[in-house]
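Beneath this line is the structure, given in structure tokens, with notes to follow.
The values are calculated or read from the model by the stated rules, or taken from the named source; none is laboratory data. Please read all numbers here as calculations on a predicted model, not as lab measurements. Methodologically, a virtual Cβ is constructed for each residue, glycine included, from the backbone with ideal geometry; neighbour enumeration extends over all protein chains shown.
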Amino acid sequence: MQVTWDDYLSISNAHGRFQDCRRRCERSFEHHRANIKCAVEVTKPKTVACLGAGVLSDIPYDAIVRSGASLHLVDWVRGSIDAGVDMSIIHTDEGGTPHCLYCSPTIECPRSFCRRFEPATSDAAVCRSFVPIQGQPMRCGAFERGEQPKVHYQDVTAGYASEFGREILGELRGVSSWKQAFARAAGLVERIGRAAECTAIADSSVDLVTSSMVVSQFDHEPYDYFANRTAEMLGPPTAKEEKQLRPTLASLRRTLLANQVTRHCREIRRILAPGGYCYMSFEMYHRLPEDPHWFLVDGMADALETLGRHFHFNFDIIPRGDSLARFETGDSPSLVCSFMLAPKASE
Ligand SMILES: C[S@@+](CC[C@H](N)C(=O)[O-])C[C@H]1O[C@@H](n2cnc3c(N)ncnc32)[C@H](O)[C@@H]1O
């Protein structure tokens, strides 16, 4: 049976995989956490929305919660945000003593974050409900998420990517060649996206939006979902098919990416309050192992143009010198571009 789009976004054996993901990414995303922390300190938002929050490896959760801002966390992978929050609450000091972020005296209303909060009788750094779960990081077995932060398992392209993901299986019914599969996908890309399926965040309600490394992801999904389902039905393309279809593949990927960027921009503009900012980052340059030459990541020049139509760029809020940072995964490094965006008066 084919994996539906909804199944695809529900990860099985989730907690272990989310923990691995967090462990792998935490160090390489450190500079996004520093940049966003700085953006929070400078712009002093009352409401923050983190789009593509995932397991919060790149979100300075502690700093945002302590700032007193109301927080929305959005990601389409179900369970990812809850796992990320779970891993962001307890910190152990050098002596191994656990400290709970929500039980800290600086938090005004701990029960709005954890329904199980019971004030400690002594000056302990955790409340009376605390149940330690050993691990890296330590977690609290009693934790039950309250009404803060607001968690949304939704699409940050106002439904565009999900619509493609949901519809493509039907389009692939009866196809007998990769050429036909690409033609159906290209047709679908043109037809969808008429109606926006926005996130549950109110219009003009957010002072600081973050979109950290999300645009880089648009190059992979939902294209990979389409390619994997097609391979399941037809087997991998032959070398000849692969060569013939290379331009078609590149064009489909580029169109999917460009349409998602446009819809993402519109969603950010919709939720931003007057005077609000968006922190954005994505991989701009890349280098393959054992190749000394860097290249501009496909689609990123167009993405910058699209951003420029919707927003003014600001390189002064986050620390100078942090706008271009090296990002290492394995032996193929990237240069990640980070900046702040302020909406233009009109598109
Ligand atoms: C490279 S990760 C960024 C790191 C992430 N904040 C974390 O710590 O796991 C990009 C995140 O964006 C999410 N994402 C990508 N496209 C999305 C979409 N259209 N709607 C919602 N989330 C999306 C992915 O699920 C992933 O969690």
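Taking only pairs six or more apart or across chains, which ones have beta-carbon atoms under 9 Å, a first residue in the stretch 150-162 that is more than 12 Å from V74 (Cα to Cα) and among the charged types (D, E, K, R), and a second residue that is within 8 Å of the ligand (Cβ to nearest atom) and in a loop (DSSP other than H, G, I, E, B)?
Filtered contacts from the stretch 150-162: no entries.
Could you figure out which of (1) in contact with a strand residue (DSSP E or B) (Cβ under 6 Å, 6 or more places away or on another chain); (2) more than 12 Å from the ligand (Cβ to nearest atom) isn't true of G96?
Of everything listed in (1) in contact with a strand residue (DSSP E or B) (Cβ under 6 Å, 6 or more places away or on another chain); (2) more than 12 Å from the ligand (Cβ to nearest atom), G96 misses just condition (1).
Identify, from the list S281, S346, the residue that is among the hydroxyl-bearing types (S, T, Y) and at pLDDT 95 or above.
On the way: S346 fails: at pLDDT 95 or above.
One residue alone meets the criteria, S281.
For a quick check of your reading: which helices (runs of 4 or more DSSP H) sit entirely within the stretch 172-259 and have at least 2 residues that are in the same structural domain as S281 (by TED's automatic domain parsing) and among the aromatic types (F, W, Y)?
Those helices (runs of 4 or more DSSP H) span 178-191, 223-234.
Answer yes or no: is there a residue in the stretch 280-287 that is surrounded by fewer than 17 Cβ atoms within 10 Å (Cβ to Cβ) and not in a strand (DSSP E or B).
no
Step by step: first the residues of the stretch 160-175, then only those that are modelled with pLDDT of 95 or more and small (G, A, S), then the one that is nearest to the ligand (Cβ to nearest atom). Which residue is that?
Going through the qualifying residues, I end up with A161.
Say we look at the stretch 233-277 and pick out the residues that are among the small types (G, A, S) and out of contact with any strand residue (DSSP E or B) (no Cβ under 7 Å at 6 or more places or on another chain); which of these is nearest to the ligand (Cβ to nearest atom)?
A258
When both residues are 6+ apart or on different chains and their Cβ atoms are under 6 Å apart, which pairs have a first residue that lies in the stretch 320-334 and is surrounded by 12 or more Cβ atoms within 10 Å (Cβ to Cβ) and assigned to a loop (DSSP other than H, G, I, E, B), and a second that is of a type outside the set (A, V, I, L, M, F, W, C) and at pLDDT below 90?
Listed by first residue and then by second, the contacts come to S332/P289; P333/R326.
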